[in-house]
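Data block below; observations after.
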Amino acid sequence: MTLAAGESIADHCSPGDIALVQDAADWWTHFVGEDGAVDSYDQPFPSYNKALWTAKAAAEFSGE
């Protein structure tokens, strides 16, 4: 799920969702756990497409 500026993960995501959030320059990939806890990679991605493809790969991997 891609969030717009100012949208919060807690308000728009459910457990199992992957949120793509842009900061001032980069894109962060956040994973929402079953208990609502949010985990992220250590560094953001330089483009939306790289963040999106990483999220897709993570979703496929977790579905196996």
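No value in this document is a laboratory result; all are computed from the given coordinates. Source: prediction; values computed, not measured. Using ideal geometry, Cβ is built from the backbone for each residue, glycine included, and neighbour counts are taken over all protein chains shown.
Looking at Ala4, Ala24, Ala55 in this structure, which one is touching a residue at least 12 places away in the same chain (Cβ under 8 Å) and among the small types (Gly, Ala, Ser)?
Within the list Ala4, Ala24, Ala55, the selection yields Ala55.
To keep it simple, each residue is scored yes or no on (1) of a type outside the set (Lys, Arg); (2) more than 15 Å from Ser62 (Cβ to Cβ); (3) surrounded by fewer than 17 Cβ atoms within 10 Å (Cβ to Cβ).
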residue: Thr2; (1), (2), (3): yes, yes, yes
residue: Ile18; (1), (2), (3): yes, no, no
residue: Val21; (1), (2), (3): yes, yes, no
residue: Asp35; (1), (2), (3): yes, yes, yes
residue: Asp39; (1), (2), (3): yes, no, yes
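Count of the range 7-21 residues, restricted to those that are of a type outside the set (A, V, I, L, M, F, W, C) and either outside any loop (DSSP other than H, G, I, E, B) or in contact (Cβ under 8 Å) with a residue 40 or more places away in the chain (or both), is 2.
Just checking, how many residues over the range 41-64 are polar (S, T, N, Q) and crowded, with 16+ Cβ neighbours inside 10 Å? Count: 1. Considering (1) under 10 Å from the mean Cα position of the chain (by Cα); (2) assigned to a loop (DSSP other than H, G, I, E, B), the lone condition that Gly36 does not fulfil carries the number (1). Screening the range 24-33 for residues that are under 12 Å from the mean Cα position of the chain (by Cα) and not polar (S, T, N, Q) and picking the one that is nearest to Glu60 (Cα to Cα) gives Phe31. Does Thr54 satisfy the criteria of being touching a helix residue (DSSP H, G or I) at 6+ places or on another chain (Cβ under 9 Å) and among the hydroxyl-bearing types (Ser, Thr, Tyr)? For Thr54, the condition - touching a helix residue (DSSP H, G or I) at 6+ places or on another chain (Cβ under 9 Å) and among the hydroxyl-bearing types (Ser, Thr, Tyr) - is not met.
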